[in-house]
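The values are calculated or read from the model by the stated rules, or taken from the named source; none is laboratory data. Predicted model, so just to flag it, every value in this text is computed and none were measured. Cβ coordinates were reconstructed from backbone atoms using ideal geometry, including for glycine residues, and neighbour counts include every protein chain displayed.
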Amino acid sequence: MLTIQGGPAGRFCDGLSRRDFLKIGALGMGGMSLVDLLGAEALAGTKSSHKAVIMVFLCGGPPHQDMFDLKPDAPAEIRGEFKPIPTNGPGVQICELMPRLAKMMDKCAVVRSLVGARDEHATHLCYSGYTTFEYRAGNWPSLGSVASKMLGPTDPTVPPFCNLSVRMDFSGWAHPGEPGFLGVAHKPLQPHQGQVADDLTLRTITLDRLQDRRKLLGRMNQFQRAADGMIESSGEVTQRALDLLASNRVLQALDLDREDPKLRERYGRGNLKNVDDGGPMWNDGILMARRLVEAGVRVVTIGYGRWDYHGANFSQCRERLPMLDQGVSALIEDLHQRGMDKDVSVVVWGDFGRTPRINNTAGRDHWPAVSCALLAGGGMRTGQVIGSTTADGGYADERPVHYKDVMATLYRNLGFDTTEQTVPGPSDRPMYLLQGHQPVAELI
C-alpha cells in the first residue's frame, strides 16, 4: 500500500501514527490499494450518462401487510392494528403511519405482489435480483457492480458504486453487494465501514506537499500486478488516485454540515443507533445518498433499520415507520425539486415479506411467498399499485412481479437493457444478467 507523509491525527490500529502517514487506499475494497483498484477499474472503460439508482434496503424483511398492503376486512389475527389511509394516488391506500408518503403517492409506485424470495436474510436478492443460493452457483454481480463495469464513472474522481451501510451485528444485512464474476475492481466504496473516511481526508497535508509527492510516485515502480489486473497506463491510474484525494469531492458529499440545515431537518435524523443486530434508522444516510448521486455516483445502497419483527411487530412499526416515511418522502420530494426525478430511480424493499397470521408474541414471522416494493423517480410511471395478494396477504394473486423483473427495470432506467445487452462473464464469455425476466411493463 502506498503511503504519503501527512499531519497529526490519531493512530492506526497497528500502531502507526497518522502524524506519520496519510494512506492512499484501503477504501474498504477487499484490501486493494486505491491505485490498484483504479487500475483494474480502467479495464472496464467508461460511457457517458448520469442515470442513477438509490436503494434503501429494509434489513430483515418488512411487514408488507402493515405498510403497503393492509387487509382491513381480514380477521383480527391477520389484519393487525393499523388502518389504511387514502393517498393522492387514485384508489391507493397505505398505512396510517406513513402520512407523508400518502401525500405524494402520485410520485410513487407500489408493487404488492413481489415474488422470488427465499427464507434467508441477505442483501443478495435486493442488490442483484439473485438469491444467495443463485449467487453462489453463478457468482452473479450486484447492480452497482454492473453499473461500474458497463457504465464506468461519471467523473474520474468519483466511484460509480457506493454502499452507505454501517457495521451491523448481523453482517448479512451490512453486506454491500458482490461484484461476482466482474472482479474486485467493481466493489463499492464503503465510507462507513473501516477507515475510508479518514483515508479520503487530506487532513493537515497541503496540496503543495501532495503535489511534491508526485515525483515520489513517479519513482515507485513496485506496483506489480497479476496478469488479469495488469494495465499499461499505470501513470494515468496513479493520476486518478491522486485526483480523487486532491478533489475531496466524495468527502464533501459525505459532509452533511455542508447541507442546508432546513433540508436536513426535513429528512429528519431518525435513530442513529443500530437497531438490535440490524442497522440504524439513519435518515442522514438517505440524504447522503442523494448528495453522492449529485456528486456523480451511479448506484448508492444503504441498509436501513431492522425489520425482522418476530415479536412486538406493531410497537416497533409505530416507532420506526414514521422515520422511514419522513426520510423516503423527503428524498422523493428533494429529487423532484432538483429536477433529478427523471434520472434517479428510488427503490425501497427488503429480504422477504411477513406471515399473514400474527403469532402469539404479536409478531409476524418470515414469509418468502410474497413481499412489496416502493419505487419512485427514474422516469417511471407512478401513482399506481401493481399486483395484488390474496385476502390474507399471503400469496400473489394478480400480476406476480419477480425481484428480477424489478431489477431489470432498474437496469433499464440506468440505460442498460438486460434483454439485449450482455456482460463479460468468466473467460470473457458474454452473459445475459436476467434471462427470462423483463422490465415491469406498467412502470415504463
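List of remarks:
- The combined condition, being modelled with pLDDT of 95 or more, more than 30 Å from Arg318 (Cβ to Cβ) and either in the same structural domain as Glu319 (by TED's automatic domain parsing) or not polar (S, T, N, Q) (or both), is not fulfilled by Ser113.
- Any chance Cys126 is assigned to a strand (DSSP E or B) and either crowded, with 22+ Cβ neighbours inside 10 Å or touching a Lys or Arg at 6+ places or on another chain (Cβ under 6 Å) (or both): no
- Selected residue (criterion: farthest from Gly80 (Cα to Cα)) from residues of region 371-419 that are of a type in the set (Lys, Arg) and surrounded by fewer than 18 Cβ atoms within 10 Å (Cβ to Cβ): Arg381
- The residues listed here are Asp243, Asp260, Asp228; of these, the one that is more than 21 Å from Val348 (Cα to Cα), of a type in the set (Asp, Glu), over 23 Å from the mean Cα position of the chain (by Cα) and modelled with pLDDT of 90 or more is Asp260.
- Positions within region 112-123 being buried (at least 22 other Cβ atoms within 10 Å of the Cβ) and assigned to a loop (DSSP other than H, G, I, E, B), in sequence order: Gly116, Ala117, Thr123
- Verdict on Trp367 being closer than 30 Å to Pro75 by Cβ, in the same structural domain as Gly80 (by TED's automatic domain parsing), at pLDDT 95 or above and touching a helix residue (DSSP H, G or I) at 6+ places or on another chain (Cβ under 8 Å): no
- Selected residue (only one of Ser165, Ser148 is touching a strand residue (DSSP E or B) at 6+ places or on another chain (Cβ under 6 Å), in a helix (DSSP H, G or I) and surrounded by 24 or more Cβ atoms within 10 Å (Cβ to Cβ)): Ser148
- The set of residues in region 337-354 that are surrounded by fewer than 24 Cβ atoms within 10 Å (Cβ to Cβ) and either in contact with a Gly (Cβ under 8 Å, 6 or more places away or on another chain) or among the aliphatic types (A, V, I, L, M) (or both) comprises Met340, Asp341, Lys342, Asp343.
- Test: residue in region 52-66 that is in the same structural domain as Pro160 (by TED's automatic domain parsing), at pLDDT 50 or above and surrounded by fewer than 23 Cβ atoms within 10 Å (Cβ to Cβ): no
- Selection over region 351-372 of residues that are in contact (Cβ under 8 Å) with a residue 60 or more places away in the chain and within 30 Å of the chain's Cα centre (by Cα) gives a count of 13.
- The set of residues in region 122-138 being closer than 22 Å to Gly278 by Cα, touching a Phe, Trp or Tyr at 6+ places or on another chain (Cβ under 7 Å) and not aromatic (Phe, Trp, Tyr) consists of Thr123, His124, Leu125, Cys126, Ser128, Gly129.
- Any pair with Cβ under 9 angstrom, 6 or more apart, that starts in region 163-186 at a residue that is free of Cβ contacts under 8 Å to residues at least 60 places away in the same chain and over 15 Å from Gly60 (Cβ atoms) and ends at one that is of a type in the set (Lys, Arg) and part of a helix (DSSP H, G or I): Pro179/Lys149
- Candidates Gly296, Gly305, Gly279, filtered to the one that is of a type outside the set (A, V, I, L, M), modelled with pLDDT under 95, in contact with a Lys or Arg (Cβ under 8 Å, 6 or more places away or on another chain) and in the same structural domain as Gly394 (by TED's automatic domain parsing): Gly279
- Taken over region 386-409, the residue count meeting the criterion of being hydrophobic (A, V, I, L, M, F, W, C) and within 22 Å of Lys342 (Cβ to Cβ) is 4.
- Of everything listed in (1) farther than 27 Å from Ser145 by Cβ; (2) touching a residue at least 60 places away in the same chain (Cβ under 8 Å), the single unmet condition for Gln337 is (2).
- Within region 68-91, considering residues that are charged (D, E, K, R) and under 32 Å from the mean Cα position of the chain (by Cα), the one nearest to Leu114 (Cα to Cα): Asp69
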